[in-house]
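Single-structure report; data block below.
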């Protein structure tokens, strides 16, 4: 159950929470919609269902370093890492 921080034009937590909710991994409730009843309903939904498996790509820093090195050396990038990708393997949340 996520209630992302969204004050002072903050969007990162909301974007990530929306993405996880769309993948079926979490329930999300915006802070503007937060109330005791809505929170209780969201928690009940989260408890009733089995969360979807999600693989997390934790190699972003490595791919960024390679991309920067490629740019500095004038090499053309292959396109890997340009899209949101999920690696193979068993990196499920809540495993």
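What follows draws every value from the coordinates through simple rules; no lab data is involved. Bear in mind the structure is a predicted one, so any value in this text is a computation, not a measurement.
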Checklist line | Added length on full extension, which subtracts the Cα-Cα distance from 0.36 nm per residue, residue 37 to residue 67 | finding: 6.1 nm
Note to self: Return the equivalent ellipsoid semi-axes of segment 9-58 as a descending list in whole Å, where each equals the square root of 5 times an eigenvalue of the C-alpha gyration tensor.
What the structure shows: 20, 17, 5
Item checked: Full-extension gain in nm, residue 55 to residue 75, via 0.36 nm per residue minus C-alpha separation -> 4.2 nm
